[in-house]
1. If you go through segment 162-177 one residue at a time, do you hit one that is over 27 Å from S122 (Cβ atoms) and either among the aromatic types (F, W, Y) or out of contact with any Cys (no Cβ under 6 Å at 6 or more places or on another chain) (or both)?
2. Does E239 satisfy being among the charged types (D, E, K, R), at pLDDT below 95 and in the same structural domain as E162 (by TED's automatic domain parsing)?
3. Among the residues that make up segment 256-265, is at least one of them outside any loop (DSSP other than H, G, I, E, B) and without any contact (Cβ under 8 Å) to a residue 24 or more places away in the chain?
4. Kindly establish whether V285 is in the same structural domain as Y165 (by TED's automatic domain parsing), in contact (Cβ under 8 Å) with a residue 40 or more places away in the chain, under 26 Å from S154 (Cα atoms) and touching a Leu at 6+ places or on another chain (Cβ under 9 Å).
5. Restricting segment 210-229 to residues that are surrounded by 14 or more Cβ atoms within 10 Å (Cβ to Cβ) and modelled with pLDDT under 90, which is nearest to V175 (Cα to Cα)?
6. Here are some residues: T249, T293, T272, T257. Which one is closer than 14 Å to I223 by Cα, of a type in the set (S, T, N, Q) and outside the structural domain of P153 (by TED's automatic domain parsing)?
7. Which one of the conditions (1) part of a helix (DSSP H, G or I); (2) closer than 24 Å to D76 by Cα does P22 fail to meet, given that it meets all the rest?
8. Among all residue pairs at least 6 apart or on different chains, which show Cβ distances below 8 Å where the first residue, located in segment 228-255, is closer than 15 Å to L280 by Cα and the second is assigned to a helix (DSSP H, G or I) and among the β-branched types (V, I, T)?
Amino acid sequence: MKIDRLIGILSVLLQKEQVTAPELAEQFEVSRRTINRDIEDLCKAGIPIVTLQGSGGGIRIMEGYRMDRTLLTSRDMQVILAGLRSLDSVSGSTYYRQLMEKIQAGSSEFVSGKDSILIDLSSWYKNSLAPKIETIQNAIENRQYLSFYYYAPSGDSERIIEPYYLIFRWSSWYVWGWCRTREDYRLFKLNRMDHVQASAETFTCREVPMPDLTDEKIFPGEIKVRARFSPEVRWRLAEEFGPQSYTETEDGYLLFTADYTDMENLVTWLLTFGDKAEILEPAEVREKIRKITEHMMEIYREEK
């Protein structure tokens with residue numbers, strides 16, 4: 001749409017000191033003649049745009065000009081504020097709250113309507129997460145090494161990393177960084193980190209690759225699962241894997257199929273269903289659950 005292109009051109013001019021018509025034409029995939037007409041329309045709207053001909057010429061906004069109104073719509077502002085509130089929910093400082101106050105104070109007439117998006121990223125871990133997030137943010141900003149004690153399925157260990165990204169994914173917080181122990185990039189879950197401290201020692205920033213956070217990369221489905229569930233737990237299967245993860249059999253039970261990553265997590269997950277689930281495949285998991293339940297029976301014998 002033309003109005004979107006005009007806003008886009010104005011955004012470019014506000015960010016760059018000068019730009020040429022061919023550059024704008026290429027960026028917005030229109031002809032140079034269309035760009036010239038757009039510039040005329042912006043001038044008619046009261047934007048003081050200057051065009052300079054010849055070598056070194058181009059298009060720019062007159063020096064000293066300031067926009068009285070933001071280019072963002074009211075809905076845009078509501079979304080930005082919702083994002084800031086979500087960060088404030090896990091913040092250990094008043095930074096995001098102060099930033100929200102600045103935006104709202106400067107746009108009191110512009111930001112209208114009730115908040116329709118409410119996001120709380122802290123869950124019930126806010127008291128433990130906020131200090132970790134603040135420490136990690138400062139370490140990333142100041143390029144400080146980060147040390148912590150880490151609890152993992154493979155065993156506990158002390159780690160020192162170069163932190164690069166703070167990530168919220170899969171309903172949890174993670175930090176992505178270069179691990180001195182593994183000599184490679186690793187993803188660490190904040191809820192498994194303890195005694196998180198930023199070192200006085202700093203590091204030189206590497207050419208850091210963006211972490212591949214696709215489910216296929218982080219959770220490769222190497223275990224083919226078939227299980228039979230009671231219809232009473234349909235809501236859990238729908239919530240955790242989606243309605244497409246199961247089919248209803250003639251007897252009313254739910255035949256569940258999925259690709260799972262970790263054997264221990266699979267066993268633990270199935271046990272949370274009690275007698276409402278029966279693993280069919282793989283046989284190794286079925287045998288493991290049988291042994292666990294037999295051992296549990298020994299523990300909970302009545303004579304004890």
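The values are calculated or read from the model by the stated rules, or taken from the named source; none is laboratory data. Remember, predicted model here, so these are calculated numbers, not experimental data. Neighbour counts run over all protein chains shown; Cβ positions are idealised from the backbone, glycine included.
1. No, every residue in segment 162-177 fails to be over 27 Å from S122 (Cβ atoms) and either among the aromatic types (F, W, Y) or out of contact with any Cys (no Cβ under 6 Å at 6 or more places or on another chain) (or both).
2. Considered against the rule, which asks whether it is among the charged types (D, E, K, R), at pLDDT below 95 and in the same structural domain as E162 (by TED's automatic domain parsing), E239 comes out as no.
3. Yes, that holds for at least one residue.
4. When the stated conditions are applied, V285 does not pass them.
5. P211
6. None of the others qualify; the one that does is T257.
7. P22 satisfies all of (1) part of a helix (DSSP H, G or I); (2) closer than 24 Å to D76 by Cα except (2).
8. L254/V233
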